[in-house]
Amino acid sequence: MPVHDEVLRVERVGPLGVVVLIGRDGVRLRRRIEQLVPCHLPDIDPIVDPRLQRPASDYPCKVCGSPDDGPRMLLCDACGTGWHMLCLVPQLSAVPSGQWVCPKCVELRREAPEGPAPARPAPAAVLFPNTATRRRDKEAADLHGKRVLRVGYVGRGREKERVEYWGELMFRGPLERPRYSWLEWDGGAAESISLVEAKKMLADMEALRSPKRG
């Protein structure tokens, strides 16, 4: 039988269908609504609140149109549509551990009318964080706007080709720790990533740029 997180209560349901749970040790957990067992759901009618509607198991992929290969189908946290991981650009080899937003929703947000340019986000004191937490908050904020690179390969055998995928880190704020940033792929999807993941991508990119010593 699957092992579920031990949860004391549901704190809130976010606008993207992500539920914030309070565990027995006081740690906040974020889970998608479809990952919860019925006893974790708030007393809200799914007909009234569409965030609580469980997705169908036969959603077609928005790229290829096939509902097959369900375990490798991602559901957008914003609109609930299905996308095969191998149909995305860049392709994904594993299900993102945080929130994931499809390319269409990312594009809609980019095309939305903009108001005054927002000031560069900065970390703020939240619930009296300790020195180490404040340092991580600032470090994550300093990565806002950084360009990152993911290298992938398409094809097989002699037809295999190296492909570069570029994206931009967008700081979400200290309340989103540990997944501080959105990683918005150029012309593609977006996913939430941690400070550790962001730093690793930047380090890998720097290693690719550095000349090899022979």
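All of the numbers you see were taken from the coordinates with simple rules; none came from a lab. Since this is a predicted model, take the numbers as computed values, not measurements. When we count neighbours, we look across all protein chains shown, and the Cβ atoms used for this are built from the backbone with ideal geometry, even at glycine.
So how do 140-149, 188-197, 66-75 stack up, highest first, on mean other-Cβ count within 10 Å? Before the final figure, lay out each step's value.
Working: 140-149: 16.7, 188-197: 20.3, 66-75: 14.7.
In decreasing order of mean packing, 140-149, 188-197, 66-75 become 188-197, 140-149, 66-75.
Determine which lysines satisfy two conditions relative to residue 138: a Cα distance under 18 Å, and not lying fewer than 8 residues away in the same chain.
Candidates past the 8-residue exclusion: 146, 199, 200.
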